[in-house]
Structure formats: C-alpha cells, structure tokens
Amino acid sequence: MRTCQLTAHGQPGRFEFRNLPDPSPGEGEIVVNVRASGLNHLDLWLESGGLPIKVSLPRTPGGEIAGVVAAVGLGMTDWQPGDRVAIQSNIFCGECEFCRRGEESICLRGELLGVGRDGGFAEQVVVPARALVRMPKDVDFLTSAALTLAGSTAMHMLTDRTQVRAGDWVLAIGGASGVGSAAIQIARQLGARVISTGSTETKRQLALQLGADAVVDSTNPDWPGEVRQLTGKRGVDLVVEHVGGEVLPKCFECLARGGTIVTCGATAGREVSLNLWPLFVKQQKLVGSYGRNRRDIQATLEWAAAGKLKPVIDSVFPLAETPAAFAKLRSRAVLGKLLIEP
Ligand SMILES: [Zn+2]
C-alpha cells in the first residue's frame, strides 16, 4: 500500500512516499481502506516536532479518517468487509476507569491516530475495532472525514464539557476553522445567539453563512470591545476557544458574569497569563476539553446525516500532494477543511 510518511521534523518537514506491505489485522483489529482523511493543526504540530509528547519517525500522519472495512481480525463479529466507517482518532483502551464511564477522551492509555501510531495519509490503516464508528448511509466519505475530528471536538465542547441554553450568547473563535465552523452550527442548533471572529472578509462572510448572527474582525485589536457592544455590554455566556496565546485573555474580556470559556487548543501559544480577580469575582469558568467521546462522534455523524451540521471543505488533495496540503494549512489561507484522498 502507498503511504505518505513524515521522515524528519521541520517547517516544512520531510515527507517520503513509500510502498509498504498491506497491513493484516491482529486480534481485535480492523484494516480499513482509507477513502478520505482530514488534515488538522495537530498534523502541523507533528510535522514541526512541536508536540509535547515523544514521536518516533517515520510516521504516517492523519487522524480524521473515513473508509471501508477491508479485513477483520480474529474474534470480530460486529464488522464485515465493505462496512463504511469513521474512525475515532483518540484511540482508547476501553478498560480504564475513564473509558468505563464513557470518557474515552481522557483514557489513561489513550493514543492519537497519526501521531502515536500510523494514520490515514495512506491507502490503508489498521486500528482496534473499538475505534470504529458506523457511518450513516446519508453521510459521504468527504463529509465524514471533514467532521469526525474537528466537528466532534466542537460537539464535545458544546454538549459534554459545557451546556448551551436557548438564548445564550456564544462566541465561536475562528469561524472559518474546523472547530469554529462546527461550533457556530452546533450553537445555533441549540438555540444560541452566535458571534464569531475572522481575520479576513471572506472568513467573516463564511461565518455568517454558517449561521453566526454577527462577526467581528480579529485583526482589530479591540475586537473584544465590539463583542461587548453587540451584547449590550453584557458579554457572552460561552466562548468556544481553540487558539490560546494572546487570544485567551481577550476571550475573558468578552465574557459575561457567570460565563464559561471552553478551550481545546493552543495554536497561538500554550502559556497564558490569567488575572484571577475577574475570574472569581465574576464567577467565571475556564474549562478544558480534549478530543471527543464515542457519543460525540456518533452525534456528529447523526447531525451530519440529518443536515444539521455541514462540513466546510476548502479543497481535496490526492495522496501524492499531501505535502502541498500541509503547506496550505500552514499558510492559514484556508477556508474550512483540507482533505486527502488516497
Ligand atoms: Zn481507557
């Protein structure tokens, strides 16, 4: 099978296309023919060597995979060759105290597909059967690959780690990003009024098309002032945040009394300064959110099948152009998802 492997870290990293033997499934494992794979910021961190975990190279990146079951390991009766599947990228053990209560995103032995083990920028991938999720018949491979990582991350943030009440003000940071574009749609479906941010007119227009009630220009240094203005100086009830760095303190400026910031990423920096006075005086919350649980990815696919959640796809690259897709995501000149089709 053909794979695109990262062989040296860098910006750009070094990629090599290799023909590897087709994988055969061990006990409890499934081999999947990859039909589409989403590219995510996580892949850029892997490429640059910027993850705070040890990664061994060569590694086939790609964690957001949709495909078809090709081969089934011993003892597996739930899956047949030909089944259409999405793969839960946070591989979990299924046995630890957190997995047992359905919180696979904080599994004690969790492993990231495409980081800790070979992922989906290849013709085939082998995963534990418990990582498979059946794809509804009304969802196509590109839609699934565009939503199962970023979309389910947003689902976990808005329906598991926090709650949205009808009429709440929700600020979705980066409305043209994978998480942001899903967050706008999910918050709207839950009855919230949504404000989003974007650094270009095109990105802001996209956020409005996705259902945001208002957008602000994130290149304006006082964009939090605009958010406060839009909410009658009250501030928002919930901020869906995935940027970190200098953006997180600005999110606190947008937050109402009793409000919550939920964060799942730190693409602009992992260390932030935090003023504790407003945090406790206004009884605000800062909530961490990591990956997704099985029920989040199932809900994401069900919502997609029902037309309640639509992916925003920027472009689709053939496997041979995977390095060009990395370069495009790094350039940030992206509107929605980049996908690889082997
Ligand atoms: Zn576990």
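The values are calculated or read from the model by the stated rules, or taken from the named source; none is laboratory data. On a predicted model such as this, the values are computed, not experimentally measured, just so you know. Positions of Cβ are backbone-derived with ideal geometry, glycine not excepted, and every protein chain shown enters the neighbour counts. Each accessible area value is taken on the protein alone, full model and side chains, heavy atoms only, with ligands, DNA and RNA left out. Shrake-Rupley method; radii C 1.70, N 1.55, O 1.52, S 1.80 Å.
Tabulated values for the structure
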{"read-out": "Qualifying residue in the range 25-46 (condition: free of Cβ contacts under 8 Å to residues at least 40 places away in the same chain and either surrounded by 15 or more Cβ atoms within 10 Å (Cβ to Cβ) or under 15 Å from Gly114 (Cβ atoms) (or both))", "value": "yes"}
{"read-out": "Test: residue in the range 83-94 that is more than 16 Å from the ligand (Cβ to nearest atom), at pLDDT 95 or above and more than 11 Å from Val32 (Cα to Cα)", "value": "no"}
{"read-out": "Residue in the range 270-287 that is open to solvent by less than 50 Å² (accessible area, probe 1.4 Å), out of contact with any Lys or Arg (no Cβ under 6 Å at 6 or more places or on another chain), at pLDDT 95 or above and in a strand (DSSP E or B) present", "value": "no"}
{"read-out": "Close pairs from the range 93-109: first closer than 16 Å to Ala129 by Cα, partner more than 8 Å from the ligand (Cβ to nearest atom) and not in a helix (DSSP H, G or I), Cβ under 6 Å, at least 6 apart", "value": "Glu104/Asn293"}
{"read-out": "Residues being charged (D, E, K, R), more than 6 Å from the ligand (Cβ to nearest atom) and surrounded by fewer than 18 Cβ atoms within 10 Å (Cβ to Cβ) - total across the range 96-122", "value": "6"}
{"read-out": "Count of residues meeting criterion [part of a helix (DSSP H, G or I), surrounded by 20 or more Cβ atoms within 10 Å (Cβ to Cβ) and out of contact with any strand residue (DSSP E or B) (no Cβ under 8 Å at 6 or more places or on another chain)] in the range 288-307", "value": "5"}
{"read-out": "Leading residue by the ranking (nearest to Glu241 (Cα to Cα)) among those in the range 154-177 that are open to solvent by 10 Å² or more (accessible area, probe 1.4 Å) and part of a helix (DSSP H, G or I)", "value": "Arg161"}
{"read-out": "Count of residues meeting criterion [assigned to a loop (DSSP other than H, G, I, E, B) and open to solvent by less than 40 Å² (accessible area, probe 1.4 Å)] in the range 61-92", "value": "9"}
{"read-out": "Contacts under 7 angstrom Cβ, first residue in the range 266-283 being among the small types (Gly, Ala, Ser), partner surrounded by 13 or more Cβ atoms within 10 Å (Cβ to Cβ) and not in a loop (DSSP other than H, G, I, E, B), 6 or more apart", "value": "Ala268/Val247; Ser273/Pro249"}
{"read-out": "Checking Lys250 against (1) out of contact with any Pro (no Cβ under 6 Å at 6 or more places or on another chain); (2) farther than 30 Å from Gln298 by Cα; (3) open to solvent by 20 Å² or more (accessible area, probe 1.4 Å), the condition it does not meet", "value": "(1)"}
{"read-out": "Residue within the range 33-45 that is modelled with pLDDT of 95 or more and either under 13 Å from Ala131 (Cα atoms) or in a loop (DSSP other than H, G, I, E, B) (or both) present", "value": "no"}
{"read-out": "Set Gly245, Gly258: member being assigned to a strand (DSSP E or B) and exposed (fewer than 15 other Cβ atoms within 10 Å of the Cβ)", "value": "Gly258"}
{"read-out": "Subset of the range 123-148 (residues that are open to solvent by less than 30 Å² (accessible area, probe 1.4 Å), under 27 Å from Phe17 (Cα atoms) and away from the ligand (no atom under 16 Å from the Cβ))", "value": "Gln124, Val125, Leu132, Thr143, Ser144, Ala145, Ala146, Leu147, Thr148"}
{"read-out": "Residues being assigned to a loop (DSSP other than H, G, I, E, B) and open to solvent by less than 10 Å² (accessible area, probe 1.4 Å) - total across the range 178-207", "value": "1"}
{"read-out": "Among (1) out of contact with any Ser or Thr (no Cβ under 8 Å at 6 or more places or on another chain); (2) touching a residue at least 12 places away in the same chain (Cβ under 8 Å), the one test that Glu123 misses", "value": "(1)"}
